[in-house]
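Peer 1: Sharing a structure below in structure tokens format, with a few things to ask.
The values are calculated or read from the model by the stated rules, or taken from the named source; none is laboratory data. Computed from a predicted structure; not experimentally measured. Note that we place each Cβ from the backbone using ideal geometry, even for glycine, and neighbour counts take in every protein chain shown.
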Amino acid sequence: MSLQDRMAVVTGAGSGLGRAIAEALAAAGAPVAAVDLDAASAEETAALIAKAGGKAKGFQADTAKAADVDRAVSGAIKALGALEIMGVVGLTRQMAVTYSARGITINAVCPGPILTNLRQHSQQILGPEIPDMSGRGIAVNDEQIRAVVPSGRRGTADEIASAVRFLASDEAKYITGHSLVVDGGWRAK
Ligand SMILES: NC(=O)c1ccc[n+]([C@@H]2O[C@H](COP(=O)([O-])OP(=O)(O)OC[C@H]3O[C@@H](n4cnc5c(N)ncnc54)[C@H](O)[C@@H]3O)[C@@H](O)[C@H]2O)c1
């Protein structure tokens, strides 16, 4: 599954799912712009990719700020080439209808519960008062995971990254406007 020279912008690439996705795309040949709110972790992801023989550059940006996103994407295009891959939930279907005739596929991956440092990072960014999700049908410990997820376990960041790598590859070139749920059967239940 080759993504040779197909540049990818990955947001939240300093940790968890974003880092795993950045590493998986880079391993398949894509030059990767690793974008994160935290500059050091973005650079760390780029360094990990470079160490593994891939091509990447870290960019600091707050994805809630349009000017930051513009700066990061422009910088990525300047440093790494034309943008080819970018995982944006919500706009997927609309953009797929608009751009499919140009040979551009647009898909989303919707993860179930995946073991990352999400809660710790959310607390650092938003403060200790972030809402407790346990009363909202979201499994927060192993016992709840076993109760709500048919596979009985959390997924891994690599399992999300491999879905992204497939959707970005030529093997999936007739798949567009699709949101792929990767959740151990949680949604099916
Ligand atoms: N882990 C899960 O179970 C799970 C399940 C479904 C969806 N998600 C979603 O996937 C995304 C990644 O989650 P994760 O588990 O990898 O978390 P994580 O905390 O390990 O990684 C998130 C990264 O995003 C960065 N970030 C946060 N706010 C940012 C901003 N405004 N601009 C740029 N970067 C920002 C953080 O610095 C961090 O490096 C989140 O949106 C999360 O809600 C996670």
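Peer 1: Test SER2 against the stated conditions and say whether it is among the small types (Gly, Ala, Ser) and surrounded by fewer than 14 Cβ atoms within 10 Å (Cβ to Cβ).
Peer 2: yes
Peer 1: Out of everything in region 122-152 that is part of a loop (DSSP other than H, G, I, E, B) and within 12 Å of the ligand (Cβ to nearest atom), what residue ends up being modelled with the highest pLDDT?
Peer 2: Among those residues, the one meeting the criterion is VAL149.
Peer 1: Something else now. Pick from ARG165, ARG93, ARG119: which is of a type outside the set (Val, Ile, Thr), outside any loop (DSSP other than H, G, I, E, B) and modelled with pLDDT of 85 or more?
Peer 2: ARG165
Peer 1: Could you figure out which of (1) more than 20 Å from the chain's Cα centre (by Cα); (2) within 13 Å of the ligand (Cβ to nearest atom) isn't true of ASP183?
Peer 2: Condition (1) is where ASP183 drops out.
Peer 1: Do we have any residue at all in region 61-76 that's more than 15 Å from the ligand (Cβ to nearest atom) and surrounded by fewer than 19 Cβ atoms within 10 Å (Cβ to Cβ)?
Peer 2: Yes, that holds for at least one residue.
Peer 1: Go through (1) more than 13 Å from the chain's Cα centre (by Cα); (2) at positive phi for GLY12 and report which single condition fails.
Peer 2: Unmet condition: (1).
Peer 1: With the checklist (1) within 21 Å of THR156 (Cβ to Cβ); (2) out of contact with any Leu (no Cβ under 8 Å at 6 or more places or on another chain); (3) within 8 Å of the ligand (Cβ to nearest atom) in hand, flag the one item LEU48 doesn't pass.
Peer 2: The failed condition is (3).
Peer 1: When both residues are 6+ apart or on different chains and their Cβ atoms are under 9 Å apart, which pairs have a first residue that lies in region 30-58 and is within 22 Å of ASP170 (Cβ to Cβ), and a second that is part of a loop (DSSP other than H, G, I, E, B) and within 14 Å of the ligand (Cβ to nearest atom)?
Peer 2: VAL32/ALA13; ALA33/ALA13; ALA56/ALA13
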